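Student: The structure that follows is given in the form of structure tokens.
The values are calculated or read from the model by the stated rules, or taken from the named source; none is laboratory data. Keep in mind it's a predicted model, so treat the numbers as computed, not measured. Positions of Cβ are generated from backbone atoms using ideal geometry, with glycine treated the same way; all protein chains shown enter the neighbour counts. Accessible surface areas use protein heavy atoms only, side chains included; no ligands, DNA or RNA. Shrake-Rupley method; radii C 1.70, N 1.55, O 1.52, S 1.80 Å.
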Amino acid sequence: MNKSLINILGVIFIFILSWYPMVAQVSVDSLENRLKTVNDIDKVDVLNELYKAYRNNEPIKALNYTQGALQLAEKINYQKGIGISLNNLGVHYKNLGNYDKALDYYLQSLKVQQEIGNQERIGFTLSNIGVIYIIKNNFKKALESFQNALVIFEELGEASFQVKALNNIGNVYYSLNDYDQALEQYLIALEIQNTLGRKAETIDILTNIGNIFNRKNDFDEALTYYFRSLEIERENKNKFGQAHSLFNIGENYRNQANFESATNYLDQASTISKTLGDKPLLSKIYASMAEVYFATDQLMLAYLTLKRQNVIKDSVFNAESSKRLAELEALYELDKKEKENQILAKDNENKSLQNRNAQLVIFAFVFVFLFVVILAVLTYIRLVQNKQANKLLEEQNIEISRQKIIIETRNQDITDSIQYAKSVQESILHKNTILENLPQSFLFFKPKDIVSGDFYWYYKKNGFDILAAVDCTGHGVAGALLTMIGNSILNQIVIENNITNPAEILTQLDQKVMETLKGQDLADTNHGMDVAICKLDRENKLVSFAGAKRPLYYIRDHKLIEIRGNKSAIADSLNDQNKEYKEHLVNVEKGDIFYMFSDGFSDQFGDKQNKKYMIKRFKNFLEKNHQDSMENQCDRLKMEIEDWMGDQNQTDDMLIIGFKPQV
């Protein structure tokens with residue numbers, strides 16, 4: 001568990017504290033009816049109760065109530081009501097992510113509570129202040145706030161509030177990586193909670209203790225606490241809590257490389273999360289399951305699970321962004337309306353003053369006075385509008401910066417994962433194998449992204465050189481995962497099953513890829529491969545070729561000859577089980593040069609007219625440069641495509657294999 005997650009946990013625990021002890025729930029209708037009959041002091045309390053009733057579902061309406069409570073409390077000098085209202089405003093702005101404004105209201109509330117000597121509310125407010133310091137990574141001040149709150153709750157004998165304060169102190173030590181101190185605080189909190197007999201409220205503490213032992217690599221002890229937490233959640237029939245406990249247990253087993261148990265508990269967590277619609281947790285579960293599948297070489301399942309996780313992560317991110325934007329827009333409209341009402345009230349006050357003065361001065365002076373007042377009001381309005389606009393712009397810039405940090409962090413996590421995938425792909429491809437076994441050859445390989453959807457394959461079997469150029473559907477991570485699947489199946493066909501005929505290899509590859517994809521319910525998804533594959537028989541001076549939507553070029557006597565492959569790609573139709581691929585034979589003559597390639601080079605956009613390079617230009621280029629050494633041909637291809645692209649972005653992965661048989 002990383003530091004940011006601990007901060008969130010800290011907020012969750014204090015979130016309970018921030019609302020003060022609540023009496024039995026009173027219906028909203030009943031509260032709104034009481035507003036019409038109670039005195040001013042009770043009216044302040046009712047307005048703050050209405051704030052609590054609306055704070056989660058209608059935050060803007062809740063804000064109206066607590067602001068009204070604050071205005072009335074200040075008017076009648078009701079200090080208790082002022083302190084509660086200021087605290088509510090702090091909670092509101094904390095939930096909106098405006099932590100500086102939230103801290104300001106909390107500090108104002110603390111000052112009021114200290115003046116009236118309400119120790120219990122001082123403890124609550126200190127706890128809320130500690131939450132803000134955790135979010136701002138000021139752990140020293142957070143620890144000081146929580147410890148002061150703990151002292152107050154101990155003096156008051158409030159055991160349940162002591163538990164929450166101890167838990168928050170433990171969270172701070174956890175964030176500081178001081179796991180021994182954190183464990184000490186959690187164990188004290190657990191002991192107090194057990195004496196209170198509130199078994200259900202020990203769940204979060206048990207989970208935190210389990211996380212500590214996880215950090216210490218004491219996985220068995222961690223499991224003890226995770227299972228205790230799960231048992232209580234099941235007793236309470238809390239499906240949400242059960243899903244989180246099952247996920248923690250599954251992660252624990254994955255960290256121990258006990259993949260069978262990990263899969264069992266992660267599957268249980270996944271089933272419950274789908275039922276509840278808990279997408280954030282489901283995203284974490286899929287990420288963990290993908291790690292299990294990678295570790296157990298189940299590449300197809302890893303690929304599908306990562307795709308599901310990415311879809312869920314995007315939906316969660318978009319939903320949160322939309323919700324945040326709606327809140328900001330609503331807050332802006334509310335603030336704008338308040339300012340307009342204040343200006344209108346000020347304008348009415350000035351007009352009333354002008355009317356009174358009109359009775360005391362002559363008409364001429366009244367006229368001048370009115371002119372000056374109106375001019376002053378207009379100037380004041382303009383100043384207020386400018387100030388409001390500048391304030392809104394500043395808040396928007398702060399929000400944009402925060403969102404930018406979130407996006408950059410998310411992008412960095414994705415980039416790190418893709419870099420890891422690149423190292424896995426490169427280790428599988430064995431780049432130098434072709435060049436080592438075919439000295440008169442070159443390999444031009446230029447992925448569009450960090451990882452590639454094109455791949456090359458080579459193996460020497462029974463005296464034959466077998467090599468392939470494969471273009472998988474898509475590029476990037478999705479294409480790269482298909483390359484791993486294709487590479488694995490080619491190894492099975494040629495190395496394990498001893499099949500060397502190119503046409504038979506393509507037939508087997510088509511069938512096995514279709515079997516794999518149909519087994520994963522992907523009949524309506526575009527997954528496939530375009531393949532060119534050759535077998536070089538040096539002894540008989542023969543090249544045999546088969547293609548799935550890819551051709552073979554060879555140059556003889558300075559002329560390029562094209563052999564077209566079949567029109568059907570590998571796995572282009574999951575319902576067609578009877579495809580056959582044709583074998584083509586070429587008797588090799590001295591000086592022949594062969595080329596296999598994907599479509600990325602010829603489909604690249606460039607030139608000033610933003611048009612494709614096209615296959616005709618590619619053929620002409622090969623004919624023009626085929627007499628160069630293989631190394632020089634590769635260099636010229638690189639320079640040619642870079643000159644063509646200019647400032648354009650690369651369109652697709654590029655792969656070209658050239659070889660001159662030594663017969």
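Student: Mind checking which residues of the range 464-477 are among the hydrophobic types (A, V, I, L, M, F, W, C) and either closer than 23 Å to THR651 by Cα or modelled with pLDDT under 80 (or both)?
Tutor: Once the filter is applied, which keeps residues that are among the hydrophobic types (A, V, I, L, M, F, W, C) and either closer than 23 Å to THR651 by Cα or modelled with pLDDT under 80 (or both), the range 464-477 yields ALA468, ALA469, VAL470, CYS472, VAL477.
Student: If ARG215 meets every condition in (1) surrounded by fewer than 16 Cβ atoms within 10 Å (Cβ to Cβ); (2) farther than 18 Å from ASN248 by Cα; (3) not hydrophobic (A, V, I, L, M, F, W, C) apart from one, which number is that one?
Tutor: (2)
Student: For residues that are crowded, with 20+ Cβ neighbours inside 10 Å and under 22 Å from THR483 (Cα atoms), tally how many sit in the range 270-287.
Tutor: 1
Student: Restricting attention to the range 223-257, which residues are among the polar types (S, T, N, Q) and open to solvent by less than 40 Å² (accessible area, probe 1.4 Å)?
Tutor: SER229, GLN242, SER245, ASN248, ASN252, listed by residue number.
Student: Same structure again: Among GLU155, GLU120, which is touching an Asp or Glu at 6+ places or on another chain (Cβ under 8 Å) and surrounded by fewer than 18 Cβ atoms within 10 Å (Cβ to Cβ)?
Tutor: Every option except GLU120 fails the conditions.
Student: Return yes or no: is ILE489 under 15 Å from MET514 (Cα atoms) and either modelled with pLDDT under 90 or open to solvent by 10 Å² or more (accessible area, probe 1.4 Å) (or both)?
Tutor: yes
Student: Let me ask something else. Would you be able to say whether some residue in the range 66-78 is modelled with pLDDT of 90 or more and of a type in the set (Val, Ile, Thr)?
Tutor: yes
Student: Tell me yes or no: at least one residue of the range 45-57 is among the acidic types (Asp, Glu) and modelled with pLDDT of 85 or more.
Tutor: yes
Student: Can you tell me which residues in the range 39-89 are under 25 Å from ILE122 (Cβ atoms) and not in a helix (DSSP H, G or I)?
Tutor: ARG55, ASN77, TYR78
Student: Can you tell me how many residues within the range 288-312 are in a helix (DSSP H, G or I), among the hydroxyl-bearing types (Ser, Thr, Tyr) and open to solvent by 20 Å² or more (accessible area, probe 1.4 Å)?
Tutor: 1
Student: Going by what's in this entry, would GLY130 be described as in contact (Cβ under 8 Å) with a residue 60 or more places away in the chain, small (Gly, Ala, Ser) and under 30 Å from THR66 (Cβ atoms)?
Tutor: yes
Student: Now, a different point. When you look at ILE188, is it among the aliphatic types (A, V, I, L, M), modelled with pLDDT of 90 or more and buried (at least 20 other Cβ atoms within 10 Å of the Cβ), yes or no?
Tutor: In short, no.
Condition check ((1) farther than 19 Å from ILE434 by Cβ; (2) modelled with pLDDT under 95; (3) part of a loop (DSSP other than H, G, I, E, B); (4) out of contact with any helix residue (DSSP H, G or I) (no Cβ under 6 Å at 6 or more places or on another chain)) across all residues:
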| site | (1), (2), (3), (4) |
| --- | --- |
| GLY479 | yes, yes, no, yes |
| MET484 | no, yes, no, no |
| ASP524 | yes, yes, yes, yes |
| LEU536 | no, no, no, yes |
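Student: Here are some conditions: (1) among the hydrophobic types (A, V, I, L, M, F, W, C); (2) part of a loop (DSSP other than H, G, I, E, B); (3) open to solvent by 40 Å² or more (accessible area, probe 1.4 Å); (4) over 22 Å from ILE641 (Cβ atoms). ILE499 meets all but one. Which one does it not meet?
Tutor: The number of the failed condition is (3).
Student: Something else about it: Looking at the structure I just gave you, is ASN171 part of a helix (DSSP H, G or I) and loosely packed, with under 15 Cβ neighbours inside 10 Å?
Tutor: Considered against the rule, which asks whether it is part of a helix (DSSP H, G or I) and loosely packed, with under 15 Cβ neighbours inside 10 Å, ASN171 comes out as no.
Student: Just to be sure, is ASN168 touching a residue at least 60 places away in the same chain (Cβ under 8 Å) and closer than 21 Å to GLN113 by Cβ?
Tutor: So ASN168 fits the description; yes.
Student: Still on this model: Would you be able to say whether some residue in the range 242-256 is more than 27 Å from ILE169 (Cβ to Cβ), at pLDDT 90 or above and not in a helix (DSSP H, G or I)?
Tutor: Looking through the range 242-256, at least one residue is more than 27 Å from ILE169 (Cβ to Cβ), at pLDDT 90 or above and not in a helix (DSSP H, G or I).
Student: Can you pull out the residues in the range 241-261 that are aliphatic (A, V, I, L, M) and over 24 Å from the mean Cα position of the chain (by Cα)?
Tutor: ALA257
Student: Let me confirm something: among ASP643, ASP628, ASP647, ASP603, which residue is closer than 15 Å to SER441 by Cα and either in a loop (DSSP other than H, G, I, E, B) or without any contact (Cβ under 8 Å) to a residue 40 or more places away in the chain (or both)?
Tutor: Going through ASP643, ASP628, ASP647, ASP603 in turn, the sole match is ASP628.
Student: Further question: Is there a residue being open to solvent by 30 Å² or more (accessible area, probe 1.4 Å), within 23 Å of LEU622 (Cβ to Cβ), assigned to a strand (DSSP E or B) and touching a residue at least 60 places away in the same chain (Cβ under 8 Å) anywhere in the range 557-565?
Tutor: Within the range 557-565, one or more residues are open to solvent by 30 Å² or more (accessible area, probe 1.4 Å), within 23 Å of LEU622 (Cβ to Cβ), assigned to a strand (DSSP E or B) and touching a residue at least 60 places away in the same chain (Cβ under 8 Å).
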